[in-house]
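Read the structure below first, then the notes.
The values are calculated or read from the model by the stated rules, or taken from the named source; none is laboratory data. No experiment lies behind these values; they were computed from the predicted model shown. So basically every Cβ, Gly included, is an ideal-geometry build from the backbone, and we count neighbours across all protein chains shown.
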Amino acid sequence: MSDRIQSADQFGKVAVLMGGRSAEREISLHSGNAVLRALQQRGVDAQAVDTGDVDYVQQLSDGDFVRAFNALHGRGGEDGVVQGLLLSLDIPCTGSGVLGSALAMDKLRTKQIWEGVNLPTPAFVMLGSDADLQAAAEQLGFPIILKPSHEGSSIGMTKVEHESELHQAWQDADRYDHEVLAERWVEGYEYTAAIVGNTLLPLIRLETPREFYDYEAKYQADNTRYHCPCGLPAEQEVRLQALSKQAFDAVGATGWGRVDFFLDAGGNCWLIEVNTVPGMTDHSLVPMAAKVFGWDFGELVWRILETGTLGAD
């Protein structure tokens, strides 16, 4: 980057936002504390702000913060809410702004936008009643995957093999979100593309013995395998990175993030979702890709902090 920040003092006082009240609170605390340690080790005046605390708005307002590093996962932190607050407080923040955050957090609207600009994403049906379950079975066939439209970390997701399993899977997802998405299952390999500023990091291919890359595979299992380099021919990897950047830009995402997709047996790419505040734990994907690219964790965090803006979209 031509606008690299050379001194920790140039960042000023930084609020590292973490925790919150979403279903991903614990993961956010792990991410936030890892980011906090990395920034402090590099001399940045960084302080933790847990947005689950009742007085966190006052902390931000009175704390003389010059910018914020958003390590919040899930609702309230990834959906445009905290981005709007920081915009009103005139505190530049890492990651996407209000619009990009809100759209990327919404799986339904993300897919509708991708369809509108002719980007490939699996067929889907929204579930709002028992009648929609029958429509999903008829239109999508099996297997399909059910997911809450506004959750992350695979929370509330179920792979459904038979029609008899649909109702329970819908109820499980509905516990987290009344907008539930039924999506055609893609048989193939799952990949993720990390983006930091204008840098497209190496693709990672994910491999798990579980039915899919679920919450346990992401954060708890020791038998999840991460392939980076991903094993694809260089030209194909470049094309997929470019497609991922198109998908990222289409929903108004900015700064940094991750795009997840599948390659089916025929080599066709199917976009799944955009993550605007990816995990930063020891199991997380962006740090893995950054390491292969040549950035250690401290360098990655520094570069993400450099992308912080007022996020007006």
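Would you call Asp296 under 29 Å from Ala123 (Cβ atoms), surrounded by fewer than 19 Cβ atoms within 10 Å (Cβ to Cβ) and at pLDDT 95 or above?
Answer is no for this residue.
Asp90: more than 30 Å from Tyr176 (Cα to Cα) and surrounded by fewer than 24 Cβ atoms within 10 Å (Cβ to Cβ), yes or no?
yes
Tell me which residues, restricted to segment 109-139, are of a type outside the set (A, V, I, L, M) and in a helix (DSSP H, G or I).
Scanning segment 109-139 gives Arg109, Thr110, Lys111, Gln112, Trp114, Glu115, Gly116, Asp130, Asp132, Gln134, Glu138, Gln139.
If you go through segment 1-56 one residue at a time, how many are more than 20 Å from the chain's Cα centre (by Cα) and of a type in the set (Val, Ile, Thr)?
Number of matching residues: 5.
If I filter segment 33-60 down to residues being touching a residue at least 60 places away in the same chain (Cβ under 8 Å) and surrounded by 19 or more Cβ atoms within 10 Å (Cβ to Cβ), which single residue comes out as farthest from Ile5 (Cα to Cα)?
In this case the residue turns out to be Ala34.
Could you please find all residues in segment 226-261 being under 15 Å from the mean Cα position of the chain (by Cα), within 23 Å of Thr208 (Cβ to Cβ) and in a strand (DSSP E or B)?
Selection gives Gly257, Arg258, Val259, Asp260, Phe261.
Is segment 258-266 home to any residue that is surrounded by fewer than 18 Cβ atoms within 10 Å (Cβ to Cβ) and of a type in the set (Val, Ile, Thr)?
There is no residue in segment 258-266 that is surrounded by fewer than 18 Cβ atoms within 10 Å (Cβ to Cβ) and of a type in the set (Val, Ile, Thr).
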